[in-house]
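Read through the structure below, which is laid out as structure tokens, and then see the notes.
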Amino acid sequence: MKKIINGKRYDTDTAEFCASYDNGMVYGDFEYYREELYRKKTGEYFLYGRGGGNSKYGEWHGSSGGPGKAIRPMSLTEAQAWAEKNLDGEDYEEIFGVVEDGDKVQISTWISTRIKDDIDVLKNEKNYTIADIFAAGVKALRNE
């Protein structure tokens with residue numbers, strides 16, 4: 001499904017599929033729904049949902065309800081909350097990274113594709129984590 005929302009393109013064919021959840025009803029049941037979490041190349045998340053006429057995705061078709069579908073953009077925090085509610089710990093960490101106890105915080109930022117490519121090289125060739133790369137950059141800037 002492809003949808004333009006607030007001038008941004010959301011396309012299930014080009015985004016990375018992260019995970020899915022369904023409510024356990026049989027497909028075709030009026031209550032059935034399924035949600036799929038996607039991540040765009042920009043790092044933005046969105047939820048694609050579809051379901052029967054009596055589900056939260058149901059739509060009115062004239063004077064009766066029927067199946068429907070929708071795309072909803074999500075912030076990182078919203079995507080994480082959805083995943084916490086609907087996925088097990090392994091699936092959550094596969095999408096968002098390992099969650100460790102302690103005094104750490106998660107940040108989100110926009111970077112150029114060139115910087116992202118450089119980070120990917122460091123991760124793959126040197127086996128660094130993004131936290132390692134970030135910490136090294138902060139340390140280097142402090143020593144200027």
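The values are calculated or read from the model by the stated rules, or taken from the named source; none is laboratory data. All of these numbers come straight from a predicted model, not from anything done at the bench. Please note: Cβ atoms are built from the backbone with ideal geometry, for glycine as well, and neighbour counts cover all protein chains shown.
Just a few scattered comments:
- When Val26 is tested against (1) touching a strand residue (DSSP E or B) at 6+ places or on another chain (Cβ under 6 Å); (2) farther than 20 Å from Ser108 by Cβ, only condition (1) is not met.
- Counting only strands (runs of 3 or more DSSP E) that sit completely within segment 40-144, those holding 2 or more residues that are modelled with pLDDT under 90 and assigned by TED's automatic domain parsing to the domain that holds Glu16 correspond to 59-61, 64-66.
- Test: Ile133 is in contact with a helix residue (DSSP H, G or I) (Cβ under 7 Å, 6 or more places away or on another chain) and in contact (Cβ under 8 Å) with a residue 12 or more places away in the chain: yes
- For segment 89-100, the condition holds for no residue, the condition being that it is in contact with a Phe, Trp or Tyr (Cβ under 6 Å, 6 or more places away or on another chain) and under 30 Å from Ala135 (Cβ atoms).
- Taken residue by residue, segment 69-77 has no member that is surrounded by 14 or more Cβ atoms within 10 Å (Cβ to Cβ) and more than 24 Å from the chain's Cα centre (by Cα).
- Just so you know, in segment 95-111 the residues that are among the β-branched types (Val, Ile, Thr) and surrounded by 12 or more Cβ atoms within 10 Å (Cβ to Cβ) include one that is farthest from Trp82 (Cα to Cα), and it is Val99.
- Within segment 112-126, tally of residues that are among the hydrophobic types (A, V, I, L, M, F, W, C) and surrounded by 13 or more Cβ atoms within 10 Å (Cβ to Cβ): 2
- If you go through segment 1-22 and keep only what is of a type in the set (Val, Ile, Thr), without any contact (Cβ under 8 Å) to a residue 60 or more places away in the chain and surrounded by 11 or more Cβ atoms within 10 Å (Cβ to Cβ), you end up with Thr12, Thr14.
- Taking each residue of segment 52-77 that is more than 30 Å from Thr42 (Cα to Cα) and looking for partners that are of a type in the set (Ser, Thr, Tyr) and surrounded by 15 or more Cβ atoms within 10 Å (Cβ to Cβ) with beta-carbon atoms closer than 8 Å, six or more apart or interchain, yields Gly52/Tyr32; Gly52/Tyr33; Ser55/Tyr32; Ser55/Tyr33; Pro67/Tyr57.
- Among the residues of segment 15-66, those that are among the hydrophobic types (A, V, I, L, M, F, W, C) and more than 22 Å from Lys2 (Cβ to Cβ) comprise Met25, Val26, Phe30, Trp60.
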